């Protein structure tokens, strides 16, 4: 018998081998004794130092070079009550951790005893058939040879009765499943309605059921065997028994993973053992056990969310977790998870591999080398540094949190890791090797549906160059900073809004190799960005929501997801790539990316440099240069040919025209989004980067989406002096009624402020107003780019905690030449608006046909000084209009009709309907 892929224990493999040998009639007794001697060592753990010898009837059969040893197991071969030989197994060395004189365990002794017993039985039959010397009477007719599956069951009945019973039960279930006649009748004898005594059965009542005697069960089992021998082929039964035994033996995984509190070190060892002892190509567990294990591992390491589990169990396997757990850092006795961001990336990457369906564009997508720190690592860190009291900080007023946070960050960065975590993080760093890393947050709630926590926690780039000690110190410092971000004002405000403050937000961490390549002294990807399968705000009425949107930049992707300085990312709809945001060469050039984020490998810093300078320094070494830039010549943009670009001589503009028109990038992104959306059952948001050779998936999560509000009916009878503003592009359906206050940051006054401190004070005033004014009863209106993290002269430098209570955010874009202003779509700030169900509207007062009642906004009485007397000096720039004071009994209402690309903000009386 041979079964190379058989995943059983050594003892059981040896039993199968012996069962097969005993069933062979083509071998003589002496031949069988020799091959059994050779097969026996395979049943022992240290096979390389194990030998066997069989003495029988004056002859000796042994493994090559057999040497006697003090570590020996022996069992007699008895024929008709007479000892005619002996089975002997020896270890040449004692490698066991057991007692020095006993390297064998009970199962091995049973194996030797059973082998000797079965050899004696076979010898008796063979001698009776072929020799008269030991059998005076005529030999009886030879009994029919038993099939191999019978030998297996007989052996197990003696060596492992419990396993024997489990196999018979499975045989019973199998016979029932395939509809074997009579099996149901056999099983029915266990029905209380049949065997219960008395006038009525106790089945279904509160009384205990009568107990059947064991003989009934044994008899039933025997009958099941008899029926199976008639209905099924011997070879099929043998194969089934082997499969079930293999699955039963590996059932330790199903049992272990069901324990909710099993420590990380134990579950890692168990999963690793399973993966080593089995072959991924051959099912090692019964389908129901396999699914149970998948669910248990997903729940243990990824999430308790039932929707996620229902999807993930169809794509993630035990072997996937085997690979993942080899790259996990965490308290050995802990039971933390990997966090939401890690869960999304792991599932997204696996879906693409399983669903590629021969599509090379999808199958070629990679993920960076990654290590994970479990979410309970933060507990270990806080306990080690006596910082547990910080968990209560989240219940403090947000202003107090904001003031305390800078100190708290430094307290974390000056704390230490426990020796256990220190050693593990060091090991992870050594495995990742030198070269840039990114340390990313992966909290338990992060990247879940409706709760993306976009940009709330830190993601930090490290050059990871220099001495091993310096690199380790920098990595530890970055992890500390990500831990500190749990206690920042924005995430605390974000959780408070969603009723999640009582949820302990454990923080997992992802440590990844940065995608890219070295060009001179800099490291960066060719390009990176974010893609959404649904486009919430369309720049053309020809675009459909399902056409999606891509927002990308040359270099690191930070400039694609944040609003930084006066820079602009490239935007594209993968469903309709020919419909561009900017059309004319003048528009394309004006709104082209001007700066790149890179990692300087010499200074070890994350830096922002002019695209022009990077291109001049990189020259032809810039990956995919001809696909990323166009040449501006005589007012026209031309796509360059390979090798025909000169950064010193040509006027280069980042347009991505070659990438869109001459490569498979657009169909690749479109295919990826379609596969992920179908598998996840929702619109998706993914981050990506390209190193010049391959596209890498960096993040995958459900996309936050505005709820459809149905068809909007634009009002038709509004007095002109009651109209406040109108808009005619980038409109989505929305209705914002009952607004009492308008917080208006005057674009012209804002532009005049030269003092950076005053610009910061305006953001502080808006922050304060957001906390004072009644929730969802006010709107924010202001210049350009709300939420800019770069140049605050372009817009109010506000964060999520400063806008979360508003009902509508209005960006006022005064025209400067014939340009289309930058849009928020796809940024973390924009995602905050969508998740919080805050409507967004872009106003273009200078566009023909649009209405902007500037007189009402600048001359109406302002109540700013009544609300915030300490900000009196800002009253020209920041105005708070109480609509009820100007129009008694009225309120502001905003209607947005995305189908006709029209929006109107107007004063409506309480009596109007």
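Read-outs: derived from the displayed coordinates by stated rules, not from any lab. This structure is a prediction, so every number in the text was calculated from the model and none was measured. Every residue, glycine as well, gets a Cβ built from its backbone with ideal geometry; the counts of neighbours run over all protein chains shown.
Which value, to two decimals, describes the C-alpha radius of gyration of region 255-326 once divided by 2.2 N^0.38 Å? Present the calculation step by step, with values, prior to reporting the outcome.
Numbers: Rg = 11.4 Å, N = 72, 2.2 N^0.38 = 11.2 Å.
Output field value: 1.02.
The calculated pair-distance distribution of region 329-382 uses every alpha carbon pair, bins of 5 angstrom beginning at 0, and gives 4, 17, 21, 16, 13, 11, 7, 6, 3, 0 percent. Rounded if a/c is under 1.5, else prolate if a/b is larger than b/c, else oblate: which is region 329-513, with a ≥ b ≥ c the root eigenvalues of its Cα gyration tensor? Oblate is the answer for region 329-513, as a/c is 1.5 or above yet b/c matches or exceeds a/b.
Fewest neighbouring Cβ atoms within 10 Å first, the residues 762, 127 line up as 127, 762. Simple spin-label estimate for residue 403 and residue 97 gives 5.7 nm between the two label positions (7 Å along the Cα-to-Cβ direction from each Cα).
Which of rounded, prolate or oblate describes region 557-704 when judged by the alpha-carbon gyration tensor and an a/c cut-off of 1.5?
prolate
The ranking of 245, 429 from fewest to most other beta carbons within 10 Å of each one's beta carbon is 429, 245. The label-point distance for residue 542 and residue 717, in a model that sets each label 7 Å from Cα toward Cβ, rounds to 4.0 nm.
With Cα atoms defining each centre, region 26-52 and region 346-383 are spaced 46 Å apart in the structure. Put in line by how crowded their Cβ is, counting other Cβ atoms within 10 Å and starting with the fewest, 321, 61, 532 read 61, 532, 321.
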